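Inspection log for the structure reproduced underneath, given as structure tokens.
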Amino acid sequence: MKSARPKVLHQVAGRSLIGHVLATLAEVKIDPVVVVVGPDRSDVAAAVAPLRTVVQKERRGTGHAVLQARSALKDFTGDVLVVYGDTPLVTATTYTRMRAARKKAGAPVIVVLGFQPEDPGAYGRLIVGPKGLERIVEYKDASVEERRVRLCNSGIMLVDSAVLWQLLPKVKADNAKGEFYLTDLIALARGAGLACAVVDGEVEELMGINSRNELAQAEVVMQNRLRRAAMDGGATLCDPATVYFSMDTRLGKDVEVGPFTVFGPGVTVADGAVIKGFCHIEGAHIASGAVVGPHARLRPGATIGPDAHVGNFVEIKNATLERGAKANHLAYVGDARVGAQANVGAGTITANYDGFSKSRTDIGARASIGSNTVLVAPVKIGDGAMTGAGAVVRRDVPADALAVNSGRQEVLAGFAAKYRARKQAAKKNASKSTVMKKRKT
């Protein structure tokens, strides 16, 4: 990945790769879960907490990695599912199919998840015979004939725990890489007269992430899933390919989403809300009937009440717009409450930060904030109060009062016409002077 960040902590749809894997395991009720991490990977351990982690101090292959979890699972009986932190797209349905294969009468002791990509490349090959899966051959160790096999190994495996801990210590590192392959379990099991089987998986699900390019491909797959889910749930996306979701985005029924809208983590949108195009929304709640955008930005802590309006080039941060409140254009509302039916005029800002701390602004119900008002927090605007255009408000304004602080307007009759005439005469004289200089030359 060419990154200071561990591969499994890179994100798809606002969630880490390993976070996707663990969320799916939780969905199918896999318990307990043990995470094998490399040395000096406290950041990964912190990310998966409170799950138990064990350290693989030496990178000696997949079989060696699984063996590190033995002590953590010493009291566990049942099936052990081995999955990988860089394979985030596998669905709960696929894991359920693997578990079902283990529960059949005369079930195999090992179930391997296989797939058939268009280009098998350097994947390990699954060699299947009349009695099921016979062995797994790593590409570097495969013969020419074995490399022609199209059924490939995903690495994901479901194993009876008794068989796993009995056979895994017998795995040897006599291969091209000098590593202990988990895949050697198949040959050992078959040698002991035990049955093994393959469950076919979807190629798209089994995409492993090893580069930034593959990370981007996984993002495309996940976004398409989320778009389909949003529309299946009753939301309208007028241009689905341009709308981006996070895993925890929640849209109600009859929500309308315009093009080029990005939902960061922590967004809920209630039934019937409208999100117009080119909006960026993160950590916000939008109530029923609200209208947001176009070109609006909602930052964490933004709460947009029922039937409230947030218009173009308006930024809301850690603030609440109550029922029917409006901030329709060119405003910043941060650390504030805007009361029901209040109106925030164009160019208004809440000056919430003094360089050391942040303070709140409270705007009462039905208040009218004039264009280009600066509300210097902490300040309170009472119910029904008004501010004049261009006002700088540093003190509380009582209910139904008007706050202004600009000087008295003075009107100079005829000034504009005289000003234009003076400027035009100066321009004409300058032009004549230039002509005279040219003639002398």
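Summary table below
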| item | result |
| --- | --- |
| Conditions (1) within 50 Å of the chain's Cα centre (by Cα); (2) in a helix (DSSP H, G or I): number failed by Ala399 | (2) |
| Selection count, the range 323-333, where residues are surrounded by 21 or more Cβ atoms within 10 Å (Cβ to Cβ) and part of a loop (DSSP other than H, G, I, E, B) | 1 |
| Condition met for Phe356 (hydrophobic (A, V, I, L, M, F, W, C), part of a loop (DSSP other than H, G, I, E, B) and touching a Gly at 6+ places or on another chain (Cβ under 9 Å)) | no |
| Top-ranked residue in the range 226-250 [being exposed (fewer than 14 other Cβ atoms within 10 Å of the Cβ) and of a type in the set (Gly, Ala, Ser); ranked as farthest from Val21 (Cα to Cα)] | Gly234 |
| Residue satisfying condition, being in a helix (DSSP H, G or I) and without any contact (Cβ under 8 Å) to a residue 12 or more places away in the chain, within set Glu145, Glu205 | Glu145 |
| Unmet requirement for Arg150, which otherwise passes all of (1) over 31 Å from the mean Cα position of the chain (by Cα); (2) assigned to a loop (DSSP other than H, G, I, E, B); (3) farther than 30 Å from Asn224 by Cα | (3) |
| Residue list for the range 35-59, filter: within 14 Å of Phe180 (Cβ to Cβ) and either modelled with pLDDT of 95 or more or surrounded by 16 or more Cβ atoms within 10 Å (Cβ to Cβ) (or both) | Val36, Gln56 |
| So Ala336, is it within 20 Å of Ala399 (Cβ to Cβ), outside any strand (DSSP E or B) and touching a residue at least 40 places away in the same chain (Cβ under 8 Å) | no |
| Single unsatisfied condition, Arg408 versus (1) assigned by TED's automatic domain parsing to the domain that holds Asn318; (2) modelled with pLDDT under 90; (3) not β-branched (Val, Ile, Thr) | (1) |
| Test: residue in the range 277-285 that is within 17 Å of Gly234 (Cα to Cα), touching a Pro at 6+ places or on another chain (Cβ under 8 Å), not in a strand (DSSP E or B) and not hydroxyl-bearing (Ser, Thr, Tyr) | no |
| Test: residue in the range 104-121 that is part of a helix (DSSP H, G or I) and out of contact with any Cys (no Cβ under 6 Å at 6 or more places or on another chain) | no |
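The values are calculated or read from the model by the stated rules, or taken from the named source; none is laboratory data. Just so it is clear, the structure is predicted and the values come from calculations on it, not from any experiment. So basically every Cβ, Gly included, is an ideal-geometry build from the backbone, and we count neighbours across all protein chains shown.
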